[in-house]
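The values are calculated or read from the model by the stated rules, or taken from the named source; none is laboratory data. None of these values were measured; they are calculated from a predicted model. Here the Cβ positions follow ideal geometry from the backbone for every residue, glycine too, while neighbour counts run over all protein chains shown.
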Amino acid sequence: MAVTLKDVANLAGVSRSAVSRAYTDGASVSDKTRKKVEKAARELGYSPSLIARSLATNRTKLIGLIANNFQNPIFLEVFDLYTQALQKRGLRPLLVNLTHETDPEQSVQMLRQYNVDGVIVATSTLPPLFAKAFKDAHMPVVHAFGRAQSGSDVHVVGIDNQACGRMAAETLLRHGYRDIAFLGGPEFATSTQDRAIGFLEYLGEHGTVPSDIRYASAYGYQAGRDAMRDLLAEKRVEAVFCGDDLICMGAMDETRQSGLEVPGDIGFIGFNDMAMSQWSAYDLTTVRQPIRDIIKSSIELVVALVEEPERALEVRIFPCSVIERSTLKPLP
């Protein structure tokens with residue numbers, strides 16, 4: 001027979017309501033009573049029902065975690081960090097895959113059914129209208145890795161992608177490259193658009209016109225290979241800025257398969273600094289975005305929103321940095 005709240009109350013010598021209060025956040029219960037309840041619960045092997053607690057408090061401790069590109073390994077890193085951080089806070093992630101989803105209202109209805117306490121949209125490739133739809137449904141929502149812009153309708157935690165694009169351009173010029181191509185992710189993604197804007201602006205300010213601008217069909221390895229194959233069939237360039245590490249890895253492998261050397265013939269710089277970028281097969285120079293900081297801050301913010309739904313809108317931006325490895329020729 002399962003141990004019940006009544007069994008704990010009997011052993012502790014307290015009322016059932018006292019046991020319930022001992023396991024309810026913010027409830028009024030003395031330290032002496034709480035210790036008696038906890039001791040009895042340990043002896044009996046009792047664990048309180050989270051479902052019953054959520055009914056009593058109207059809080060499920062569920063946080064909807066939204067994404068749409070599960071084929072990119074960077075998201076395994078992101079969700080590993082998210083799930084660990086949420087669980088340490090006593091929260092439970094409800095992972096929602098919105099790949100190929102176009103109607104935000106369906107997502108809103110699903111999260112309503114689970115009565116989530118808050119929502120974190122953890123992707124840059126979903127249109128901003130998804131985060132806006134959760135807000136309009138009166139759900140505390142934070143768009144992590146979202147587009148940083150003034151007049152935002154929702155709370156955003158992320159990076160300045162335009163500044164990061166400029167950083168990549170500055171790095172290539174500093175290494176002596178002039179015949180440069182841009183190979184971004186999907187053209188509809190706001191992260192791709194902003195990285196391209198910053199990259200092209202910086203080159204233009206320094207008298208350099210990009211040799212080629214093109215976009216991969218997805219933030220994926222094969223998409224990078226396909227786009228690089230098309231580029232090599234049309235022209236030769238000295239260096240390529242890829243808007244994602246996985247795209248860059250595909251482009252590098254396609255380059256090597258064509259008989260060219262990296263960085264001897266073509267240099268590469270990626271974006272994200274995913275764990276695979278450190279592998280000896282790639283040893284990729286890349287723009288690192290502070291994923292841990294973004295995740296920590298977005299969780300702190302969504303928790304604050306649960307307690308204070310009318311909190312003033314915030315846009316939290318973290319700086320990126322360039323990690324130099326071996327895919328660019330040495331500095332002149």
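Annotations for the structure displayed:
- The stretch 115-162, subset among the polar types (S, T, N, Q) and not in a loop (DSSP other than H, G, I, E, B), residue farthest from the chain's Cα centre (by Cα): Gln162
- With respect to the conditions (1) modelled with pLDDT under 95; (2) surrounded by 17 or more Cβ atoms within 10 Å (Cβ to Cβ); (3) not in a helix (DSSP H, G or I), Glu187 falls short on a single one, namely (2).
- All positions within the stretch 226-261 that are outside any helix (DSSP H, G or I) and not acidic (Asp, Glu): Lys235, Arg236, Val237, Ala239, Val240, Phe241, Cys242, Gly243, Ser258, Gly259, Leu260
- Filter pass, Ala144 being in contact with a Gly (Cβ under 9 Å, 6 or more places away or on another chain) and outside the structural domain of Ala216 (by TED's automatic domain parsing): yes
- Meets criteria (farther than 20 Å from Val78 by Cβ, without any contact (Cβ under 8 Å) to a residue 24 or more places away in the chain and not assigned by TED's automatic domain parsing to the domain that holds His143) for Glu234: yes
- Filtered by the rule that a residue be assigned to a loop (DSSP other than H, G, I, E, B), surrounded by fewer than 15 Cβ atoms within 10 Å (Cβ to Cβ) and out of contact with any Leu (no Cβ under 8 Å at 6 or more places or on another chain), the stretch 290-323 gives Glu308, Pro309, Glu310, Ala312, Leu313, Pro319.
- Within this structure, Glu101 fails the test of being in a helix (DSSP H, G or I) and among the charged types (D, E, K, R).
- Scanning the stretch 282-309 for residues that are out of contact with any His (no Cβ under 9 Å at 6 or more places or on another chain), over 22 Å from Thr171 (Cα atoms) and among the aliphatic types (A, V, I, L, M) returns Ile294, Ile295, Ile299, Val303, Ala304, Val306.
- Here Ala131 clears all of (1) within 20 Å of Asn72 (Cα to Cα); (2) of a type outside the set (Lys, Arg); (3) in contact with a strand residue (DSSP E or B) (Cβ under 6 Å, 6 or more places away or on another chain); (4) crowded, with 21+ Cβ neighbours inside 10 Å except the condition numbered (1).
- Looking across the stretch 95-125, the residues that are crowded, with 16+ Cβ neighbours inside 10 Å, without any contact (Cβ under 8 Å) to a residue 60 or more places away in the chain and within 18 Å of Ile295 (Cα to Cα) come down to Val96, Val121, Thr123.
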